[in-house]
Structures are given as C-alpha cells and as structure tokens.
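No lab work stands behind these numbers, since they all come straight from the coordinates. No experiment lies behind these values; they were computed from the predicted model shown. Glycine also receives a Cβ, built like all others from the backbone with ideal geometry; neighbour counts cover every protein chain displayed.
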Amino acid sequence: MAVLGVQLMMLKDQVAEQGMWPVLQRLAEMDLHAVEVSQIPMTEENVAALERGTKELGIEVGAISVALKPGPVATGDNLEEHFDKIVADAHRLGCRFARIGMMPFTAMVSKEACEAWAAECQEGAARLAAEGVTLCYHNHHVDLAKFGDERIFDIVRRVAPGMNFEVDLHWVQRGGMAPLDMLEAYTGVCKLIHVKDFRVVPLSQDTVDKFTAGDFVGGFQGFLNIAQFAEVGSGNMNWPKLLPAAQAAGAEFFFIEQDEVYGRDPFDCIADSRRYLASIGY
C-alpha cells in the first residue's frame, strides 16, 4: 500500500516559527509516515531535522521539490544551479522522488512552448535518473487544457517519457476530467498522489447582496468562487474508489494537501483528513 503522508507546504509557517523537528513530531503522533517538502528551504538545519525524522520517527521523505531553472514559480532549489545539492539531499534523506510543482506560466500558452519546456524536463529527468532519483511533474487544472486535440498532460508525457507524474486529484477534478479516467490513462507513471477534496459551499450573503444591488459582475464572481479546497472526506470526491485506483496506477505515496484552510489551523485540517482516511482503511 502507498505510504500516507503530508505535503509540508501546508505547514511552512509552522516550520518557520517552530522548526522542522516539532512539526515532524506532531505528524508522527497523528500516525502519518511521510512528508513531501515544498515551499520550505532545504537549509542544513531543515535537512538535518528531516534526516533525524527518518531515523527516530520513521517518517520517510517521500519527495523533495525542485525547479528546472530559477524563476517566478521556482520556490526552492533548481536543477540548473543546485543539481549536486539536490542529489546530495535526496541521497542523505533516502528520498527517491523529486517533483516539479508547476510548469512556468510561459510554457502554458502554446503547444510549442510546452514542448520546449518538456524537452528540458526530459534532460533533467535523465540526469536525476542516473543518480537514482525519479523526477515527477505535479499537475494543476491548466494541464487539462488542449492545444488541438492534445492535452498538456499528453504533451508532457510524449516529450518527456522519462518523467513520471504527481497527480493532484483535486486539480484533475477541477480541470474537468474524471480523476478515475486520468489514473487509468496514465497507469504506471502516477507515482505520487495529492489527496485533497473538492468542496462546493453555499452562496454567501455578500454574494446575494451584490446580485440584489445590481452588481452582477461582483455577484457572479462570488458565485464562481464557491468551489473550495477541502479536508479529505468533507467534499464530493469518491475516495473509496479513487485511492485503490491510484494504487493500481502506480502510487507509492499519498500526500494529504489543502492549498487553503480558510482560517483553520492546518494541523486541525490534517487531523480531520487523517481521521477520515483511517475510517476507510488508510
């Protein structure tokens, strides 16, 4: 069974304020056994705490985040400038996966731009593979956009066959493709899975008031924004079917993730997700 863990992006403020080690201790107490590191600097202090967590808490570092090059969406180390450090960190932590969290916005605008970016990914994937690290690409809803009859997903897979996928099931759903269909289509390369729910909330009174006052633009914007990221089990996604399908598609890690917690303590959100997942056998 895939190892269940947490995307540490949810806890980046807590890591910054308290340090990595106390955060890992709390996750271990919640019966979570892996982390993915994102939007948290891979300083010596943080890497040392992660290494200690693997030895003393049994928490695997399932994946670390990388970018191809420096740029607006590169929030950590990048392969162009920090290749040796990335490999050294992965080996030190026993981490087999590096993941790219988002393609540059400039690669999203045309088939040719996407192909050029994916070709660079293929080169990066080959370099990492030679060091025992598998490169994965994390999707958003934009990856369901089509150029002609080919989705961005398909372009990336065609041009960069050496790169695997980190499938964010919420973003697949939000992009208009059934997650079960996506998992079936990419069986064998779905190594990492982001587990977060998709919730639709009732209209707010503020949105209704805007419509009533004749502000149809503002009201319609509020209407569009009723879709939310959600704790696992609190939304509309069919996890008892999705998780076995993800396992069959090749998943080695399931990472709980919630991009926005809407004022809640992220530890409470993670605890709610953990309880639900335990209730269905995970």
**Complete:** Computed, not fitted: 222 nm per-residue ellipticity of the chain from DSSP H runs ≥ 4 (each -39500 (n - 2.57)), nearest 500, equal to -13500 deg cm²/dmol
**Asked** Of the labelled options (1) 18.3; (2) 19.6; (3) 22.8, which one gives Kirkwood radius over Cα pairs in Å as computed for this structure?
**Response** (2)
**Request:** Kindly work out what percent of the DSSP beta bridges joining two residues of the chain are antiparallel, to the nearest 5.
**Result:** 15
**Prompt:** How large is ³J(HN,Hα), in whole Hz, for each residue of segment 80-88 in order, when computed from phi with the Karplus curve 6.51 cos²θ - 1.76 cosθ + 1.60 and θ = phi - 60°, using x for Gly and Pro?
**Reply:** 5, 9, 10, 4, 4, 5, 4, 5, 4
**Request:** Please list, or write none, the lysines whose alpha carbon is within less than 23 Å of the alpha carbon of Lys12, excluding same-chain residues fewer than 8 places away.
**Result:** Lys55, Lys69, Lys85, Lys196
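Net charge near Arg158: determine it from the other residues with C-beta under 9 Å of the C-beta of Arg158, scoring Lys and Arg +1 and Asp and Glu -1.
-2
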**Asked** At what distance in angstrom do the alpha carbon centres of segment 155-181 and segment 244-282 lie from each other?
**Response** 19
**Request:** Starting from the Cα of Lys191, draw a straight line to each of the aspartates and glutamates and keep only those under 14 Å, dropping any in the same chain fewer than 8 residues away.
**Result:** Glu36, Glu166, Asp168, Glu252
**Fill in**
Going fewest to most other Cβ atoms within 10 Å around each Cβ, Arg99, Arg275 line up as Arg275, Arg99
**Item:** Within a Gaussian network of the chain (alpha carbon springs, distance under 10 Å), most fluctuating of Ser234, Ser38, Ser65
**Value:** Ser234
**Sequence-distant aspartates and glutamates (8 or more away, or on other chains) whose Cα lies within less than 17 Å of Lys111** = Glu120, Asp143, Asp149, Glu150, Asp154
**Asked** Residue by residue, what Karplus-based ³J(HN,Hα) values in Hz, rounded to whole numbers, does segment 127-143 have, using 6.51, -1.76 and 1.60 with θ = phi - 60° and x for Gly and Pro?
**Response** 4, 5, 4, 5, 9, x, 10, 9, 8, 10, 10, 8, 8, 10, 5, 4, 6
**Asked** So for Val195, Val159, Val142, fewest C-beta neighbours within 10 Å to most, what's the order?
**Response** Val142, Val159, Val195
